[in-house]
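No lab work stands behind these numbers, since they all come straight from the coordinates. Computed from a predicted structure; not experimentally measured. Quick reminder, even Gly has a Cβ in these numbers, built from the backbone with ideal geometry, and neighbours come from all protein chains shown.
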Amino acid sequence: MRLGRRLYDARKELCELLNLKSIILGGRIPNYHKYSDELSPREYIRRVRDKEIYDPVLSFQLSNNFLPIKILKKYLPEDESSLENAVLLQWNNIYYSKKPNTMQDSIIRLGLVQWQMRHFKNIDAFLRTGRVFC
């Protein structure tokens with residue numbers, strides 16, 4: 001079994017073990033640039049799903065039972081091969097069981113302020129900053 005498949009199987013097994021409802025991820029469509037003149041992202045995804053077109057990322061995720069939910073525009077601004085597009089994908093845990101609510105629901109109010117918002121020139125600058133805080 002290939003490494004990617006084993007990693008995805010482990011991810012799904014962990015989801016089942018922790019009784020999580022689903023796995024949701026954003027997946028690039030790196031071959032889209034080859035078809036963008038003739039196909040919309042929606043049509044491209046349909047053709048990959050129908051196995052008329054091979055996309056190394058999306059084909060793999062679909063073969064692992066992830067379902068497309070939505071097209072994500074401007075997902076990675078520097079992703080030229082996907083033309084900044086991605087697909088929101090979901091895998092549902094069929095063994096998920098909703099736990100009964102043992103606590104009384106309460107209403108809370110939450111206010112948030114983003115302080116010292118930073119502008120990044122590119123995704124690499126953003127990722128470098130993220131590593132500082134990890």
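With 24 Å as the limit on Cα-Cα distance, the pairs of LYS12/LYS34; LYS73/LYS121; LYS21/LYS51; LYS12/LYS70 that go past it are LYS12/LYS34; LYS21/LYS51. Cut-off 13 Å, label point 7 angstrom out along Cα-to-Cβ of ARG46: give me the residues of the range 70-98 whose amide nitrogen falls inside. None, by backbone N distance to the label point.
For LEU72, the amide hydrogen comes within under 5 Å of the amide hydrogens of ALA86, VAL87, LEU88, counting only partners 5 or more places away or on other chains and with H modelled in the peptide plane. Rg ratio for the chain: its Cα radius of gyration over 2.2 N^0.38 Å, N being its residue count, equals 1.33. Net length available on complete extension from LYS34 to LYS21 is 1.1 nm, with 0.36 nm assigned per residue and the Cα-Cα distance removed. Straight-line reach from LYS98: taking Cα to Cα under 14 Å and skipping same-chain neighbours fewer than 8 places apart, the aspartates and glutamates in range are GLU16. Counting charges near ILE24 (Lys, Arg +1; Asp, Glu -1) among other residues having Cβ under 12 Å from its Cβ returns a value of +3.
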